[in-house]
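Asker: Got a structure here, written out as structure tokens. Questions coming.
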Amino acid sequence: MQTPREILKEVFGYDDFRAGQLDIIEKVLAHKHTLAIMPTGGGKSITYQLPALMFEGLTLVISPLISLMKDQVDGLNTMGIDATFLNSTLTGQEQAQRMSDIRAGLYKMLYVSPERLEIPSFFGFIQQLPIDLVAIDEAHVMSQWGHDFRPSYLNILPLLHEIPGSPAVLGLTATATERVRESLQQLLDVSDEDTVLTGFARDNLALKIMHYVDKRRYVQDYLRENSEQSGIIYAATRKQVDELYEFLHKKGVKVGRYHAGLPEHERQAMQEAFLYDDVQVIVATNAFGMGINKPNVRFVIHYSVPGNIEAYYQEIGRAGRDGLPAEAVLLYAPQDMHLQEFFVQKSGGSEEYKQNEYNKIREMNAFANTQTCLPRYLLGYFGEIVDQDCKMCSNCLDSREMVDVTTDTQKVLANVMRMNQSFGKTMVAKILKGSHDATVKKYDYLTQLPTYGLMKAHTLKDLTAFIDFLTADGYLKTAGGEFPVLKVTEIGARVLKGQLVVEKRLNRSVVAQQKVVT
Ligand code: ADP
């Protein structure tokens, strides 16, 4: 029998396994329950495709991405792998034919959607097959802590136990937060040692965050400067997609668009135009891209800030899959966060779900405002400690002078303490500014505080930005759900005691600028 490495070379044409791949494959071949957590583009597919070729029986791949099944299966067929799929895009006759071929053992791999498994007659069919491996792609959608949570995905869990012959089970995801990991381990009955988590660093991806730019202008200039490059622009809403698409189209950019409001045939056509480089760039909502494997995407621009770091990470991961240099640009505006909050409000989820989503928005906001090396911060979020700066993100390349903002920080933190750590950033900023609008009047006693008007020379916008910076870099933290309040952290307390100095880049906010002038 051939070894996994020989098959890797012969069928897939690669000389070496990437980090984690062989480890996962060996566990799967030993019929274990395994969880594979690898970044987007990390090479998850081979970890079930290769064992599928080694097993006697069938590998069942459960994937929520119906629209991509055909492409995936076509790709496998061209490599000489006997794979097929069953889903609602096929006619009754086609399905019957395939089922009979599957029964006759003509296939090594079968792709199905989770919804299909729930159909009792179909599941009865599955139970009669010799299944060696059940691979669950995009497994994070099973976890309520993951983004894109799909409760219906949970219905397949009890079914897994009813497949005869106790097949190996492999969950695959690019979402690495501890909560998601733990919940998937529990759901899929995977031990710590059978959880394989590979590094999340993407060394070829330069991260950039632009604050308060004229977004349209920026995109237009960017596309002009990179007119030979293929890229994705993510916008937050269908309307935003349509507007930006029209705008770029008028400017003569070869642009496509993609969102769930477009008819299926148009979405399909746009996706293909993008894959085959008939358009340079595609403007899309987050409905675009899951499972898309276009190797030469050179840039991903976020026109609006995503609702959580996991989604952001997954979306930027679509750039530079070929390993060549690529760029991810986040265009930050604070009001983007309100839009995300609005989505959560309207989501109809449980209170617990909403609180969790609000927290994620805040984490995203903190990331967008940090002055730490961006990949370091990001990997730290996923629990990976990196001790070196990337030297290529916008923070590492920021050559603006550092200024001491300890006094300003102390003013803000002292004010938060005076306000009993019971107010959000807008109120904290208003008190520092000395505003007396209706909301402030409601809490009249706040105007008696010694910190009232203490930073009145600054604009409210700059004060809020400064508070965001202090939160991002850990001097303040937020607590509570929809209306979060600011609290001083332990590090913040040390600044208040004069034990720590706070430095900040010049210019990003007027707070720092004026400090130097005075
Ligand atoms: P994921 O599902 O983790 O996002 P894929 O499985 O689609 O990633 O793999 C991403 C790309 O990496 C694909 O083009 C794939 O062919 C390639 N790839 C996977 N494994 C290897 C390997 N061992 N050596 C070289 N390229 C690989």
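The values are calculated or read from the model by the stated rules, or taken from the named source; none is laboratory data. Bear in mind the structure is a predicted one, so any value in this text is a computation, not a measurement. No Cβ is skipped: glycine too gets one built from the backbone with ideal geometry, and neighbour counts run over all protein chains shown.
Asker: Here's a check for you: in region 469-488, which residue that is charged (D, E, K, R) and touching a strand residue (DSSP E or B) at 6+ places or on another chain (Cβ under 8 Å) is modelled with the lowest pLDDT?
Answerer: Looking at the filtered set, the residue picked out is 477.
Asker: Can you name the number of the only condition in (1) over 21 Å from residue 395 (Cα atoms); (2) surrounded by fewer than 20 Cβ atoms within 10 Å (Cβ to Cβ); (3) in contact (Cβ under 8 Å) with a residue 60 or more places away in the chain that residue 440 fails?
Answerer: Condition not satisfied by residue 440: (3).
Asker: Can you pull out every residue in region 317-376 that is of a type in the set (A, V, I, L, M) and within 16 Å of the ligand (Cβ to nearest atom)?
Answerer: 319, 324, 326, 328 - these are the residues of region 317-376 that are of a type in the set (A, V, I, L, M) and within 16 Å of the ligand (Cβ to nearest atom).
Asker: Every residue in region 372-381 that is surrounded by fewer than 20 Cβ atoms within 10 Å (Cβ to Cβ) and part of a loop (DSSP other than H, G, I, E, B), please.
Answerer: Once the filter is applied, which keeps residues that are surrounded by fewer than 20 Cβ atoms within 10 Å (Cβ to Cβ) and part of a loop (DSSP other than H, G, I, E, B), region 372-381 yields only 372.
Asker: Considering each of 50, 65 in turn, give the residue that is of a type outside the set (Gly, Ala, Ser), in contact (Cβ under 8 Å) with a residue 40 or more places away in the chain and crowded, with 21+ Cβ neighbours inside 10 Å.
Answerer: Exactly one residue qualifies, and that residue is 50.
Asker: If you go through region 192-236, how many residues are part of a helix (DSSP H, G or I), buried (at least 16 other Cβ atoms within 10 Å of the Cβ) and of a type in the set (Phe, Trp, Tyr)?
Answerer: 1
Asker: Looking only at region 191-215, which residues are in contact with a Ser or Thr (Cβ under 6 Å, 6 or more places away or on another chain) and farther than 20 Å from residue 372 by Cβ?
Answerer: The one that is in contact with a Ser or Thr (Cβ under 6 Å, 6 or more places away or on another chain) and farther than 20 Å from residue 372 by Cβ: 194.
Asker: Restrict the check to region 433-454 and report whether at least one residue is of a type outside the set (Phe, Trp, Tyr) and under 30 Å from residue 377 (Cα atoms).
Answerer: no
Asker: State yes or no: is residue 300 touching a residue at least 12 places away in the same chain (Cβ under 8 Å), within 16 Å of the ligand (Cβ to nearest atom), in contact with a Gly (Cβ under 8 Å, 6 or more places away or on another chain) and of a type in the set (A, V, I, L, M, F, W, C)?
Answerer: Yes, satisfied.
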